[in-house]
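The values are calculated or read from the model by the stated rules, or taken from the named source; none is laboratory data. Remember, predicted model here, so these are calculated numbers, not experimental data. Cβ placement follows ideal geometry from the backbone for every residue including glycine, while neighbour counts extend to all protein chains displayed.
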């Protein structure tokens, strides 16, 4: 895997996103437990079931890395918006409320990344 170099502004945004994604994962696993499920939170399980394309391992330039990340995170945000609509459609208002908060935060971070990417 290539060493990625990113300007400091990206590092700050990406660090904040990593923390927020951790909070989102906890929210989802808590909701899953409330509904009687079991959260299988290993990296292997997440990678196996992910709908996201694998991040290219050969990107070294910060902008290329961030551009690839933006595409994947945008896909994730769209999937969560769709899950929000589905939860509302099946009458699961509490789940829809949890889902609504996640893509709002993701969309906000994406806007920040895109603003810096396209300056």
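Within segment 79-89, can one find any residue that is in a helix (DSSP H, G or I), in contact (Cβ under 8 Å) with a residue 12 or more places away in the chain and under 13 Å from residue 53 (Cβ atoms)? Yes, because at least one residue in segment 79-89 is in a helix (DSSP H, G or I), in contact (Cβ under 8 Å) with a residue 12 or more places away in the chain and under 13 Å from residue 53 (Cβ atoms). Name the single residue, out of those in segment 26-50 being closer than 20 Å to residue 101 by Cα and not in a helix (DSSP H, G or I), that is modelled with the lowest pLDDT. My answer is 39. Here residue 91 passes the criteria (1) over 18 Å from the mean Cα position of the chain (by Cα); (2) under 18 Å from residue 18 (Cβ atoms) except the one numbered (2). Give the residues of segment 91-119 that are assigned to a loop (DSSP other than H, G, I, E, B) and either touching a helix residue (DSSP H, G or I) at 6+ places or on another chain (Cβ under 9 Å) or surrounded by 13 or more Cβ atoms within 10 Å (Cβ to Cβ) (or both), sorted by residue number. Answer for segment 91-119, where residues must be assigned to a loop (DSSP other than H, G, I, E, B) and either touching a helix residue (DSSP H, G or I) at 6+ places or on another chain (Cβ under 9 Å) or surrounded by 13 or more Cβ atoms within 10 Å (Cβ to Cβ) (or both): just 92. When residue 53 is tested against (1) closer than 21 Å to residue 109 by Cβ; (2) at pLDDT below 90; (3) not in a loop (DSSP other than H, G, I, E, B), just one condition goes unmet, and that condition is (3).
Only residues that are within 17 Å of residue 96 (Cβ to Cβ) and either without any contact (Cβ under 8 Å) to a residue 24 or more places away in the chain or outside any helix (DSSP H, G or I) (or both) were counted in segment 64-77, giving 0.
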